[in-house]
Amino acid sequence: MVPVAAAIRRALPGGSVVVSRHRFRVQGWNGEQASPVGDLSEHLDDLRGQFGPVPVVLVGHSMGARAALRAAGHPSVAAVAGLAPWLPSGEPVEQLAGRSILLAHGTADVVTSPAETWAYAVRARAVASVTEVEIRGGDHPMLRRAALWHALAATFTGVSLGFPPPPGSAASALASPRRTVL
C-alpha cells in the first residue's frame, strides 16, 4: 500500500489532506474476532481525536479492504475504496449506509474472487453509492496495471473529499453508474 498512499499524497493538494497508513497488530483475519476491524476502528478514533470530525476515506487492499469495508460505519468514514478485496459471501453491508464505495477488482486475480466482489456490490447498492471497476488483466498484488490502480485510489479519494477529478480514465470510470471495464 506504500505506492498507493504515495499516489494519493501526490494527487491531492499539499497541506489539505493527511494520508495515514495503518498497520494491523495481528496478521490475518483470525475468525470471528476480526482483529483488523478493531485495529482500524481504534485508529479512526485516534484520528478523530487528533483532527476532529473530519471526513475520512479508507483505502484497503485484499484483507485490508475487507477490514475497511467492515469499519465503514465509524462516524468519521465518508467513503471506502476496496482494491482486489477479499469479500467472502455473507459479508455485512449495513455499515456502508450513506457512504460512497469503490470496488475495483482485476480479471486476473487468482487470490480473491472478482465474482464475490461483484455479488457484494449488488447487495451494497441497497444502502450505499457503489462504483465498480473491473481492471482487465489486473492481478491481486496490483502490479499489473499499477498506475491504473493508483489513479483509481487517488481519484476516488480526492472526489470523495470534494476535490475536482483530474482528467483521465479513472475519473471517467468513477463517474459511470455501471461497472466499468478498464
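Below are the figures for this structure:
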item: Protection proxy ranking, peptides 34-41, 16-23, average beta carbon neighbours within 10 Å, highest first; result: 34-41, 16-23
item: Cα gyration tensor shape of the range 98-182, rounded if a/c is under 1.5, else prolate or oblate by comparing a/b with b/c; result: oblate
item: SER113 long-range amide H proximity, modeled H, under 5 Å; result: LEU87
item: Furthest towards positive pole of dipole, ALA67, VAL130, GLY168, structure part the chain, Cβ charges; result: GLY168
item: Residue-averaged [θ]222 nm for the chain, counting only DSSP H segments that reach four residues, each worth -39500 (n - 2.57); result: -11500 deg cm²/dmol
item: Sites matching chymotrypsin sites (Phe, Trp or Tyr not before Pro) across the range 85-147 that sit in DSSP coil, with at most 14 neighbouring C-beta atoms within 10 Å; result: none
item: Debye, to nearest 20: dipole size of the chain, +1 on Lys, Arg Cβ, -1 on Asp, Glu Cβ; result: 440
item: Three-way shape call for the chain based on the alpha-carbon gyration tensor, with the a/c threshold at 1.5; result: rounded
item: Whole-Hz couplings from phi, Karplus 6.51/-1.76/1.60, listed for the range 53-67; x for Gly and Pro; result: x, 8, x, 10, 10, 8, 10, x, 10, 6, 5, x, 5, 4, 4
item: Pairwise centroid distance, computed over Cα atoms, of the range 151-175 with the range 21-37, Å; result: 29
item: Listed residues GLY73, GLY14, GLY64, most fluctuating in the chain (Gaussian network, C-alpha, under 10 Å); result: GLY14
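Where a number appears in this text, it was derived from the coordinates with a stated rule and is not lab data. Model, not experiment: these values are computed from the prediction. For neighbour counting, all protein chains shown are included, and Cβ atoms are generated from backbone atoms with ideal geometry for every residue, glycine included.
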